[in-house]
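So the structure is just underneath, and the comments pick up after that.
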Amino acid sequence: MDRILFPAYADKITTADKAALLIENNQVVGASGFTKAGDSKSVLPAFAKRAENEDVAITLITGASLGYTTDADLAENNALIRRMPFMADPALRKSINDYRLKYIDQHLSETVEQLICGHIAPVDVAIIEASLIDENGNIVPTTSIGNSAFFASQAKKIIIEINTKIPLSFKGIHDCSVPNSYPNRDVINIQNPTDRIGKPFIEIDPEKVIAVVYTDITDQPAVVAEPDETTTAISKHLLNFFENEVQKGKLTYSLLPLQAGIGKIANAVLMGFKDSKFKNLTMYSEVLQDSTFELIDSGNLDFASGSSITVSEGCYEKLLTNFNQYKSKLILRPQNISNAPEVVRRLGVIGINTAIEFDIYGNVNSTHISGSKMMNGIGGSGDFARNAYLSIFVCPAASKENKISHVVPMVTHHDHTEHDVDVLVTDQGLADLRGLSPRERAKVIIENCVHPDFKEEIRDYFQRASNETGGQTPHILEEVFKFHNRLKQTGSMQKQKTLA
């Protein structure tokens, strides 16, 4: 009971199975969790188990992806009607692409806005992970905030999961706030990543609380890849670019606040800053990954603001054991604040995100394989790309033994148009697209970013399109997806060699 300082909740303590019975069929559930961090680890899994033998299903809204097999179990037991705004589970992905449930892929800053405006159905039940319940019945979150603060404010009923694995020292790193409805919006008064605008807890109405469940399960660890030849090359190209920006007087060695998308490539690329000249760095990002804490340890990073902490098993243990040494350097915020366009633009954030593919004019596909199959979702990349001081996208030039080129004549799905992309980087090189027309962009991208196995063919395509079709953005419509069609037919985007 040292985790519950509000005596009135004592008679609300129950099991996960009993709490799951309080969720009704067809309800909208808003659950904590952002990229595997701070998610529901007992009640949602119990609801999935309930759905094995009962015809019940919910619309599930979270901050981002959930950990362990929760999303998979819900999907495979037909316990989901709709899912939003982001996911990363292979089994759930298959269910989405088989259209066994409806997936709404949203900019992560948009979910709360959609709920406020009534564009999507309001939350009936909120399930929030807590490290502590304070003297007034309010929730001190754990390793993420995501959309939890708004879910708790809108929901008719609240279920709290108290996770005893999270140290009580987490109290104080959160900055929780809930936006007013339109037209009575306040300015988001953040002028520095260290600024606070809210409270260190999620304020709730104790009368809404219908159950309190204890858990002792750590977040699912992130899979972190060590920097390899490809990611090291990308990182070096970026560091050289930033060095040149400093030499031109556009930036200093402390740069501007950094944002990096979730994933192995972005995390590995950030690791390159450890042994660089860049010091006194700050972050204004969504997910704080292993690289964040490596950079704090190296002395290169002074402060990091995010919405969740998603790290590998080793980093997680180190963080929990030594949390006090990091506490003064961290803030976790709601994702409608961490990803707020107003703040991103004001702070001059440098956004570094990962692409599935990009085309010769700088359009980026972040979400779909071959234009049809959902991978994970757009996440927050669009929030930052549209509003960043520098919008940077990274990916390997080629993969799968160079059978797949990640630079193509035309992307099969547009997430970020050429208007929102400043810099593209592969292991082959960097294309600075600022101030260039489409044809100028194409030449820079082809010469700097394309893998040698594909360069001659893409160069030839662009030259023929320019001569035969012309226009502002030349394309030969009969050929724009020839790489993807070839991949579908032969298993490789490379031309098949003809026998002499």
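The values are calculated or read from the model by the stated rules, or taken from the named source; none is laboratory data. Being a predicted model, the structure only gives us computed values, none of them experimental. In this analysis, Cβ positions are derived from the backbone assuming ideal geometry, glycine residues included, and neighbour counts consider all displayed protein chains. Only protein heavy atoms, including side chains, enter the accessible area calculation; ligands, DNA and RNA are left aside. Shrake-Rupley method; radii C 1.70, N 1.55, O 1.52, S 1.80 Å.
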Can you tell me the relative contact order of segment 410-460? Whole percent, Cα pairs under 8 Å, sequence separation 6 or more.
-> 28 percent
Dipole axis of segment 320-413 (+1 Lys, Arg; -1 Asp, Glu on Cβ), positive-most option in Tyr361, Asn402, Phe384 | Phe384
In the chain the DSSP beta bridges are antiparallel at a rate, in percent to nearest 5, of 25 percent
Taking Rh as the Kirkwood radius computed over alpha-carbon pairs of segment 96-152 and applying Stokes-Einstein at 4 °C with viscosity 1.567 mPa s, one gets a diffusion coefficient in µm² s⁻¹ of 96 µm²/s
Span per principal axis, largest first, for the Cα atoms of segment 136-264 (Å) = 58, 40, 26
Computed on alpha carbon atoms, what radius of gyration and Dmax characterise segment 434-500, expressed in Å?
-> 13.3, 46
Take the Cα radius of gyration of segment 264-354 and divide it by 2.2 N^0.38 Å, with N its residue count; two decimals is plenty.
-> 1.05
Roughly how many Å is it from the Cα centre of segment 182-252 to that of segment 369-392, as a whole number?
-> 16 Å
Just the number, please: percent antiparallel of the DSSP beta bridges in segment 45-198, rounded to the nearest 5.
-> 15 percent
At 37 °C and 0.692 mPa s, grab the translational diffusion coefficient of segment 278-436 from Stokes-Einstein with a Kirkwood Rh over Cα pairs, rounded to a whole number in µm² per second.
-> 194 µm²/s
Please work out the Cα center distance from segment 264-342 to segment 85-113, rounded to the nearest Å.
-> 26 Å
log10 I(q)/I(0) for segment 388-500, Debye formula on C-alpha points only (no solvent), q = 0.10, 0.16 Å⁻¹, two decimals, reads -0.30, -0.76
Violations at 26 Å Cα threshold for listed pairs Lys156/Lys199; Lys199/Lys279; Lys248/Lys274; Lys18/Lys318 -> Lys199/Lys279; Lys18/Lys318
Note, segment 378-391: 3J(HN,Hα) by Karplus (6.51, -1.76, 1.60, θ = phi - 60°), whole Hz, Gly/Pro = x, goes 6, x, x, 4, x, 4, 7, 4, 5, 10, 6, 4, 9, 9
What is the chain's relative contact order, in percent, from Cα pairs under 8 angstrom and six or more apart in sequence?
-> 13 percent
Total charge dipole magnitude, segment 380-477, about the Cα centre, Cβ charges on Lys, Arg, Asp, Glu only, Debye to nearest 20 = 120 debye
For the chain, what % of the accessible area comes from carbon and sulfur atoms, probe 1.4 Å?
-> 48 percent
Rounded to the nearest 5, the percent of antiparallel DSSP beta bridges in segment 304-452 equals 45 percent
Expressed as an acute angle from 0 to 90° and rounded to the nearest 10, what is the orientation of the C-alpha long axis of helix 452-468 relative to the principal long axis of the chain?
-> 70 degrees
Show the residues, 5+ positions off or on another chain, whose built amide H is closer than 5 Å to the amide H of Val311.
-> Ala222
May I ask for the Rg/Rh ratio of segment 249-305, computed from Cα atoms with Rh as the Kirkwood radius, given to two decimals?
-> 0.93
What is the magnitude of the charge dipole of segment 197-349 about its Cα centre, with +1 placed on the Cβ of each Lys and Arg, -1 on the Cβ of each Asp and Glu, and no other charges, expressed in debye to the nearest 20?
-> 700 debye
Hull surface divided by four, with the convex hull built on the Cα atoms of segment 195-301: how many nm²?
-> 9.8 nm²
Of all C-alpha pairs within the chain, those more than 41 angstrom apart amount in percent to 21 percent
Partners for Lys49 among aspartates and glutamates (Cα-Cα distance below 13 Å; same-chain residues under 8 apart left out) | Asp17, Asp71, Asp73, Glu76
Do any GluC sites (Glu not before Pro) in segment 416-492 lie in a DSSP loop with no more than 13 other beta carbon atoms within 10 Å, and if so, which?
-> Glu478
Would you mind working out the magnitude of the charge dipole of the chain relative to its Cα centre, with +1 at each Lys and Arg C-beta and -1 at each Asp and Glu C-beta, to the nearest 20 Debye?
-> 560 debye
Translational diffusion coefficient, Stokes-Einstein: compute it for segment 334-389 using the Kirkwood radius over C-alpha pairs as Rh, at 10 °C and 1.306 mPa s, and state it as an integer in µm² s⁻¹.
-> 129 µm²/s
Based solely on its DSSP helices, what 222 nm [θ] is calculated for the chain when runs of n ≥ 4 H residues each add -39,500 (n - 2.57) and the sum is averaged over all residues, nearest 500 deg cm²/dmol?
-> -8000 deg cm²/dmol
Kindly provide the trypsin sites (Lys or Arg not before Pro) of segment 402-470 that DSSP labels as loop, not H, G, I, E or B, and whose Cβ sees at most 11 other Cβ atoms within 10 Å.
-> Arg434
At q = 0.16 Å⁻¹, what is the log10 ratio I(q)/I(0) for segment 131-174, with the Debye formula run over Cα points and no solvent?
-> -0.42
Mean separation of Cα contacts under 8 Å, 6 or more apart, over the residue count of segment 369-500: relative contact order % | 23 percent
Cα-based helix-to-principal-axis angle, 229-247 vs the chain, degrees rounded to 10 = 80 degrees
